[in-house]
Amino acid sequence: MSVFAAAIILATTLVTSFISGIFGMAGGIILMAVLVALVSVATAMIVHGGIQMFANGYRAFLLREFIDWRVFGFYCIGAAMGITALFFVSWTPDKRALYLLLGLTPMLVWLPKERLHLDIKRVDHAIAAGFGVQGLNTLAGVAGPMLDLFFVRADMTRQQIVATKSVTQALSHLVKIGFWSVPVISAAGWSALPPWWLFAAAIPLSMLGTSQGKRVLERMNDVNFRQWMKWLVTAIGAVLLLRAAGLY
């Protein structure tokens, strides 16, 4: 990995952690898109997973008093089922397919959520969220908009939403690292993994961005939070779909 590519990744990590610190999503999509443009899909997944795992984990730690652990427990059951199902799927996305998945995923925010009647606080819905989100996150790298569908009708404050989503996403990214690292190590050894110093530099930057984003979150009200989040991820998705069309 060149110094120039590493510098871009680190700068993007700071900015996207700040965005995710506010909305609990969106930043990861941007970071994934930048990584795919710079490195291979497998490397992008591992780097993204490592950075996002610590960013989400730190955000969850900052808001730990707001985490709904009951929801997280049932989410874990579904996630275990989702990752098990992936071992029976031989397909993995290339760069063109990944840009398409990244572009389509944010558009999930426009689904008629009121008609879906999804609620993360219901046991079966929390398990379904774990299954679907873990599967999409492992293949596309991100799944925030899908996870958001399950939180729209939940009787939770914005702090509870961001905190609970953060702890579930930290788990999803940890699983993603393992899923993509094993074949890389098997094929080329440990030296083929991204350099350790990249993570050592990225982690404090993600923590800094997350801390600053939390300050902005505290100044927003619940209505503005949901409106800004919807339009932000839509704009990101549109750009990535154009990128996918250009590659095709």
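Pairs only if they're at least six apart or on different chains, beta carbon under 7 angstrom, first in segment 68-94 and part of a helix (DSSP H, G or I), second among the charged types (D, E, K, R); list them, first residue then second. Within 7 Å, the pairs are Val71/Lys121. Of the candidates Ser186, Ser172, Ser166, the single residue that is part of a helix (DSSP H, G or I) and over 26 Å from Arg70 (Cβ atoms) is Ser186.
For segment 1-48, filtered to residues that are in contact with a Lys or Arg (Cβ under 6 Å, 6 or more places away or on another chain) and either under 30 Å from Asn221 (Cα atoms) or outside any helix (DSSP H, G or I) (or both), the residue that is modelled with the lowest pLDDT is Gly24. With respect to the conditions (1) hydroxyl-bearing (Ser, Thr, Tyr); (2) modelled with pLDDT of 85 or more; (3) buried (at least 16 other Cβ atoms within 10 Å of the Cβ), Thr92 lacks only one, and its number is (2).
Of the residues making up segment 108-126, those that are surrounded by 19 or more Cβ atoms within 10 Å (Cβ to Cβ), assigned to a helix (DSSP H, G or I) and more than 15 Å from the chain's Cα centre (by Cα) are His125, Ala126.
Can we say Ala238 is assigned to a helix (DSSP H, G or I), more than 20 Å from Ser166 (Cα to Cα) and either free of Cβ contacts under 8 Å to residues at least 40 places away in the same chain or touching a Cys at 6+ places or on another chain (Cβ under 8 Å) (or both)? The answer is no for Ala238. All told, Gly130 falls short of being surrounded by 22 or more Cβ atoms within 10 Å (Cβ to Cβ) and under 21 Å from Ala44 (Cα atoms). Before we move on, is Ala55 buried (at least 23 other Cβ atoms within 10 Å of the Cβ) and farther than 28 Å from Pro183 by Cα? So Ala55 does not fit the description; no. When the criteria are applied in full, Arg243 meets the requirement of being basic (Lys, Arg), over 16 Å from the mean Cα position of the chain (by Cα) and either buried (at least 16 other Cβ atoms within 10 Å of the Cβ) or on the phi > 0 side of the Ramachandran plot (or both).
Scanning segment 137-159 for residues that are surrounded by fewer than 22 Cβ atoms within 10 Å (Cβ to Cβ) and modelled with pLDDT of 90 or more yields a total of 0.
Whenever a residue of segment 25-38 is more than 24 Å from Ala60 (Cβ to Cβ), its partners that are of a type in the set (D, E, K, R) and surrounded by fewer than 23 Cβ atoms within 10 Å (Cβ to Cβ), lying with C-beta atoms within less than 7 angstrom and at least six residues away or across chains, give the pairs Val36/Lys95.
The values are calculated or read from the model by the stated rules, or taken from the named source; none is laboratory data. Note that the coordinates shown come from a computational prediction; the quantities given were computed from them, not determined experimentally. Ideal geometry is used to build each Cβ from the backbone, glycine not excepted, and the neighbour counts take in all protein chains shown.
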